[in-house]
1. Please verify whether ARG187 is of a type in the set (Lys, Arg) and more than 27 Å from LEU29 (Cα to Cα), treating the condition exactly as stated.
2. Please determine, by comparing only the residues of the range 571-586 that are in contact with a helix residue (DSSP H, G or I) (Cβ under 7 Å, 6 or more places away or on another chain) and not in a loop (DSSP other than H, G, I, E, B), which one is nearest to PHE488 (Cα to Cα).
3. Could you grab me the full set of residues in the range 347-394 that are in contact with an Asp or Glu (Cβ under 9 Å, 6 or more places away or on another chain) and under 19 Å from PRO424 (Cβ atoms)?
4. Restricting to the range 540-562, name every residue that is touching a residue at least 12 places away in the same chain (Cβ under 8 Å) and among the polar types (S, T, N, Q).
5. Cβ-Cβ distance below 7 Å, separation of 6 or more or different chains: which pairs start in the range 467-481 with a residue that is over 12 Å from ARG556 (Cβ atoms) and end on one that is in a strand (DSSP E or B) and among the basic types (Lys, Arg)?
6. If LEU148 passes every condition in (1) part of a loop (DSSP other than H, G, I, E, B); (2) open to solvent by less than 10 Å² (accessible area, probe 1.4 Å); (3) not basic (Lys, Arg) but one, which one does it miss?
7. Can you confirm whether ALA239 is open to solvent by less than 60 Å² (accessible area, probe 1.4 Å) and either over 24 Å from GLN37 (Cα atoms) or among the aromatic types (Phe, Trp, Tyr) (or both)?
8. Out of the range 289-326, which residues are modelled with pLDDT under 90 and under 16 Å from the mean Cα position of the chain (by Cα)?
Amino acid sequence: MASGQSGPSGKWSAEVIDIHSVDVSSSQLFQAWYLEQHEAGTPVDTIIEALETIDSVPARLRALHLAYRSNRPAYPALARWCVTSGDPLALETVKGYEVYQRSITILQEGGPHMQTRHAEMRGALQYGLKTLRALPQTDLVVEGQTGLMIPLVHLLALGGEAEEAIETASQALFLAEQLKAPLTIARVRTALISCTSNAGRAVATIEMVRQEQRLAIRHDPVYTDLELASGLFRLGAYADGAAVLEAIIARTEGARRDRIMEFLQRTEAIWGIGGLDGPTYATHRGSTPIFWLTDLCQSMMKAYATPREGRDAEERAQHFAQVLEHARGAGAERPVGITWYQGFAQWARATAHLGRGEYADAAVILEHTAALPHDYLDLRILLSGAALELALSWHAPEGFSLARHEQALRQTFQDAERLPYASPEGLATLLHRWHPTATAYLALVPQPVTACAFATKSILKVGQHNLLDDVILPPVYACDLVLRALDFDLRRDFIFVQGDAGGGRKKKKALMTCTGSVPVWRLPISAVKLAYGLMCHHNATYHDQARTVLRTYGIRPATAALYPMIGTLDAIEQGMQDLLNGHLTPKGLTARMHHLSR
């Protein structure tokens, strides 16, 4: 009968395990034996009972570790034994477990004192490490140090001390490898992957998980595979990341599967391709710091699905107001140091202000964004995209450099071309979803960004014939769309003043499309904005390209209709001609546009 298997009664019992043949003081030997028992199907409770038959600190500590990590009912009694044993290793081990559990509770409760309370617990863990380092360095003492370092890594990451967290996890991995203890090595490796991901090192995280996937023993493959998916999303590789999540979902059940479904739903919402309808998967408070994010993205998707016309424009503004409301949850709920969520909330607030025509508020946010980790390509794209769209409007504050934000976007796409696992095409898709004007601009600049080439389909082509992608537009409706694309606030609904209102409604519906499963209003882009941006450069090549763009796409529809704002279109056309001919500067054109919009 193999070690640990049941006897004739068919019941598992501690008596059938030859626990006395195991050197419980050796981490390598004990963990190898435990893995044999695990493969043989020996219940954890049976192993704990067998260990409790040995009245020694090493055996009780082994039982404590198993009871804690498996959430077994024997844990409280074992913890009391260790606390009252008088052994410093046993005491500090229990304290480490309790501190870690308390940190999770504090994270769940949130509140203004969360950071201070976590700092207190970091101090407790560091004191425990100091105590253990002063003891004779046996296997169990060294293993005990790694056990304290793992929660310390977690707390350091929550406190925004990313480099110290990585350094501590690396030290713990070195100690575990000296012990040749496979389970300890796997646990510490998981902690190192986690803090590397929190530090924004997406490429390093992916490579570490890919390496871990080739190993026989993994502590929590679901968790580290989630970090792999997250890293791919950060690099714009949505399809690859979604495939990882789908594979995890297929092999996971219960509450954990629901949490992964929430992650997928949230990611679809961030990319604007899903998560709008159907059940919202609940997240347990404290299990993730972003339970506000899906609601925020749903409001953003609703805004982008609403036309900028008449009563619809008011509804659109209300959806953006909801985005601002949800974004306030980022500051209240986000643990310190999770910089991606902070940056995403800044982008959402800036984009919502742009959508509401609150350009000064958007500028304040975009001029004070925090420095981002290099590998956060998705967030770099979004923040720079919002800034470029503001710079392409007439409402950017003086000194808000279009060239700087264009270069920031170019640099991000260049980084995506260079970094392994990154997807320039995925990043272009993300940018176009939320900032189509910026994407079209990058497609038409000298030395264009190749991944953005598809975005030209969103540019209105006007003149004798008026087209948006595959939709033919009547002249008067096209006039209205041009003015709205140039951010004119048409408080009255002038659509089809002299035209067929029924036909107008049909064309309005024709501009609705879907991205994934989400309805989207195809917000038309005026070539005037793109040409203005090109003329903001002190560069003849850019100026030549501006002329080419206007020749290709036109400035205004040709119509003899008695459209109330036809004079405004005449003035815009004249202003652009003056700009192209050197009779007006970009600043002068901005002033003229402000005058026209009064």
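1. On the way: of a type in the set (Lys, Arg): yes; more than 27 Å from LEU29 (Cα to Cα): no.
Judged against the criteria, ARG187 is not a match.
2. We begin by selecting, within the range 571-586, every residue in contact with a helix residue (DSSP H, G or I) (Cβ under 7 Å, 6 or more places away or on another chain); these are 571-572, 575-576, 579-580, 584, 586.
Of the ones still in play, those that are also not in a loop (DSSP other than H, G, I, E, B) are 571-572, 575-576, 579-580, 586.
On the way: ALA571: 13, ILE572: 11, GLY575: 15, MET576: 16, LEU579: 19, LEU580: 22, PRO586: 18 Å.
Here the residue is ILE572.
3. HIS374, ASP375, LEU377, ARG380, SER384, LEU388
4. Selection gives THR541, GLN545, THR552, THR559.
5. LEU467/LYS461
6. Looking at each condition in turn, LEU148 falls short on (1).
7. Numbers: open to solvent by less than 60 Å² (accessible area, probe 1.4 Å): no; either over 24 Å from GLN37 (Cα atoms) or among the aromatic types (Phe, Trp, Tyr) (or both): yes.
It is false that ALA239 is open to solvent by less than 60 Å² (accessible area, probe 1.4 Å) and either over 24 Å from GLN37 (Cα atoms) or among the aromatic types (Phe, Trp, Tyr) (or both).
8. PRO289, ILE290, PHE291, TRP292, LEU293, THR294, ASP295
The values are calculated or read from the model by the stated rules, or taken from the named source; none is laboratory data. Keep in mind it's a predicted model, so treat the numbers as computed, not measured. All Cβ positions, even for glycine, are placed from backbone atoms using ideal geometry, and neighbour counts span all protein chains on display. With ligands, DNA and RNA removed, areas are computed over all heavy atoms of the protein, side chains included. Shrake-Rupley method; radii C 1.70, N 1.55, O 1.52, S 1.80 Å.
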